[in-house]
Amino acid sequence: MKKALLIVHHYKPEKDKLWGSLATDYATSDMIKNIADLFPDHDWRPATIAEARQILRKFDIDRLLLVPMLKEYAEELDAYPDVHVDCLTPDIYGKISKPPFAFLRKEYLK
């Protein structure tokens, strides 16, 4: 399964034995779950910008998804080889941050 990161400002991490960290706070873990529903062929983990830089050096990451407040880092992160970088729009970020999420589709990520 392809690896992917949701880039956020901060979250409560719990180390994962495979790679990256898992989110223990409800807001981030709910966002990860709902993004995983949109992109089921990816193994999603949260990361801060600093963590993403470290993870990108250690692992082959296929996709990065940035929250709107961090879109200024898209160009920097896109410079890493073989990684696809997307930014959530403020509207979609607001929707995936709150239930219900079943109506979301990939075409909203533009």
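The values are calculated or read from the model by the stated rules, or taken from the named source; none is laboratory data. Treat the numbers as computed from the prediction; the structure is a model and nothing was measured. Cβ atoms come from the backbone with ideal geometry, glycine included; neighbour counts cover every protein chain shown. What goes into the accessible areas is simple: the full protein's heavy atoms, side chains included, and nothing from ligands, DNA or RNA. Shrake-Rupley method; radii C 1.70, N 1.55, O 1.52, S 1.80 Å.
Data for the structure
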item	result
Evaluation of TYR93 against (1) at pLDDT 90 or above; (2) touching a Pro at 6+ places or on another chain (Cβ under 8 Å) (one fails), failing number	(1)
Candidate set from region 38-72 (those that are open to solvent by 30 Å² or more (accessible area, probe 1.4 Å), hydrophobic (A, V, I, L, M, F, W, C) and within 20 Å of LYS15 (Cα to Cα)); member that is modelled with the highest pLDDT	ALA50
Given (1) more than 12 Å from the chain's Cα centre (by Cα); (2) buried (at least 18 other Cβ atoms within 10 Å of the Cβ); (3) at pLDDT 90 or above, index of the condition GLU75 fails	(2)
